Amino acid sequence: MSSALQRFIKPNIRALSAYDPGTINCKIKLDANESPYGFKIPQELLSIETNRYPDSKAQGLREFLSASLDVLPSELLFGNGSDELIYSLITTVGGTVLSPTPTFSMYSIISRTLDQQIKTVPLDNTFDLDIDLMLRTVQDNDIKLIFLSSPNNPTGNSFDRKKILTLIEKTDAIVIVDEAYQQFSDIESFIPLVKKYERLVVFRTLSKIGLAALRIGFMIASPELINEVNKVRLPFNINSLSQDLALRILKDDVTMNSNISEIKINRENLFSGLLKIKGVKPYPSDANFILFKVDNAEMIYKKLIENDILVRNLNSHIEGCLRVTVGTRYEMDVFLEVLNKILIKE
Ligand SMILES: *Cc1c(COP(=O)(O)O)cnc(C)c1O
């Protein structure tokens, strides 16, 4: 960029680089925690009136989710992916943000985009919250928002429920429990607690259960907070096709539930398969991915690509670690076989 233009750009934006989801193409794609099971678009949806703006309030989806999650329609807010909700919430509240590390990168990226400070506290050696250090950090830094991905991306574990409750009860920050992977876990959701704690916010997304292309996330919070965040939401953020298709697919809970059960079964098989390979240490997961540790992560990552398999290289965040998404049974068999061969040859 020419230096004449540079002076117009805010310093916090100048310091950033655009998020790059990566451009490596492999036949077996296990890098982004997507579902291996997509959905067909029914013919009827072709009748959408393309000349009309979408329903700004997403009434159909709102009523459906309000009933299925047992929350009030006024306790729901939709985002173009839950990424957008992180953006809207930080825009609304402002102030210093806290998250554990390693965790989902967007909490920190969006904080910096919005010129808000982000403090991070390392997870303990079981990848759980270091509650004492977090409480101290909240006290010392006037933290306004605490983002917790539980189950946590990229470690896969859920955080101790009591520790999360301690953060809600012993701080006066807004605590966001990001349940992007809740559907794959057998652990209780925090949604029912939203009525009890006015500073609790729960995030959900349809992205990990086969609808990433639609970009639909939602937050559950007190009507008062929803009302404030709704002021910064862009009016037509969820397009008509996404709203109608999501509603149609969610109504067929038999297919959705069977896809999710299948992924959970594949995850258990993947975990025991990884355990059997010498030199591989998988970490238990409540999500649709597994983090695993190897001796030579960079080499193995590259060798997998040479075999047309793409995983996520986390070596620069957690030493020696790669993250593999749970795919179809076939994909898991191929992945385990290739990984085994790579490690035998090493
Ligand atoms: C994938 C992911 C999201 C992203 O959700 P979108 O709805 O696709 O924007 C949010 N939170 C966590 C922890 C994730 O891993």
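Condition check for Lys276 on (1) surrounded by fewer than 19 Cβ atoms within 10 Å (Cβ to Cβ); (2) in contact (Cβ under 8 Å) with a residue 24 or more places away in the chain; (3) of a type in the set (Lys, Arg): one failure, at (2). Filtered by the rule that a residue be closer than 15 Å to Leu65 by Cβ, within 12 Å of the ligand (Cβ to nearest atom) and either touching a residue at least 60 places away in the same chain (Cβ under 8 Å) or assigned to a strand (DSSP E or B) (or both), segment 180-206 gives Val202, Phe203, Arg204, Thr205. I need every pair where a residue in segment 70-82 that is at positive phi and in the same structural domain as Gly217 (by TED's automatic domain parsing) has its Cβ under 9 Å from the Cβ of a residue that is within 15 Å of the ligand (Cβ to nearest atom) and of a type in the set (Val, Ile, Thr), sequence separation at least 6 or different chains. As it stands, the answer is Gly81/Thr205; Gly81/Ile216, since those pairs meet every condition given. Looking across segment 107-133, the residues that are free of Cβ contacts under 8 Å to residues at least 24 places away in the same chain, closer than 21 Å to Asp160 by Cα and either of a type outside the set (D, E, K, R) or crowded, with 16+ Cβ neighbours inside 10 Å (or both) come down to Thr120, Val121, Pro122, Asn125, Leu133. Restricting to segment 1-49, and then to whatever is modelled with pLDDT under 95 and among the hydroxyl-bearing types (Ser, Thr, Tyr), can you tell me which residue is surrounded by the most Cβ atoms within 10 Å (Cβ to Cβ)? Across segment 1-49, the extreme among qualifying residues is Tyr19. All conditions but one from (1) assigned to a helix (DSSP H, G or I); (2) within 22 Å of Leu225 (Cβ to Cβ); (3) in contact with a strand residue (DSSP E or B) (Cβ under 9 Å, 6 or more places away or on another chain); (4) away from the ligand (no atom under 12 Å from the Cβ) apply to Leu145; the one that does not is (1). Are any of the residues in segment 255-263 in a loop (DSSP other than H, G, I, E, B) and either of a type in the set (A, V, I, L, M) or over 18 Å from Gly79 (Cα atoms) (or both)? No, because not a single residue in segment 255-263 is in a loop (DSSP other than H, G, I, E, B) and either of a type in the set (A, V, I, L, M) or over 18 Å from Gly79 (Cα atoms) (or both). Of the residues in segment 282-291, none is at pLDDT 95 or above, surrounded by fewer than 19 Cβ atoms within 10 Å (Cβ to Cβ) and either outside the structural domain of Leu30 (by TED's automatic domain parsing) or more than 29 Å from Asp160 (Cα to Cα) (or both). Restricting attention to segment 217-235, the residues that are more than 16 Å from the ligand (Cβ to nearest atom), of a type in the set (A, V, I, L, M) and under 17 Å from Glu63 (Cβ atoms) add up to 1.
The residues on offer are Ile265, Ile209, Ile260, and the sole one that is outside the structural domain of Gly94 (by TED's automatic domain parsing) and within 16 Å of the ligand (Cβ to nearest atom) is Ile260. Scanning segment 148-157 for residues that are within 12 Å of the ligand (Cβ to nearest atom) and in a loop (DSSP other than H, G, I, E, B) returns Ser150, Pro151, Asn152, Asn153, Pro154, Thr155, Gly156.
Which of the numbered conditions does Leu245 fail, given that it passes all the others? Conditions: (1) in a helix (DSSP H, G or I); (2) in contact with a strand residue (DSSP E or B) (Cβ under 9 Å, 6 or more places away or on another chain); (3) not β-branched (Val, Ile, Thr). Leu245 satisfies all of (1) in a helix (DSSP H, G or I); (2) in contact with a strand residue (DSSP E or B) (Cβ under 9 Å, 6 or more places away or on another chain); (3) not β-branched (Val, Ile, Thr) except (2). Search segment 55-95 for residues being under 17 Å from Leu206 (Cα atoms) and assigned to a loop (DSSP other than H, G, I, E, B), and hand back the single one that is farthest from the ligand (Cβ to nearest atom). So, considering only residues that are under 17 Å from Leu206 (Cα atoms) and assigned to a loop (DSSP other than H, G, I, E, B), the one farthest from the ligand (Cβ to nearest atom) is Ala58.
Restricting attention to segment 297-333, the residues that are closer than 21 Å to Gly38 by Cα, in a helix (DSSP H, G or I) and either in contact with a helix residue (DSSP H, G or I) (Cβ under 7 Å, 6 or more places away or on another chain) or not aromatic (Phe, Trp, Tyr) (or both) add up to 4.
The values are calculated or read from the model by the stated rules, or taken from the named source; none is laboratory data. This structure is a prediction, so every number in the text was calculated from the model and none was measured. Here the Cβ is made from the backbone with ideal geometry for all residues, glycine too, and neighbour counts use every protein chain on show.
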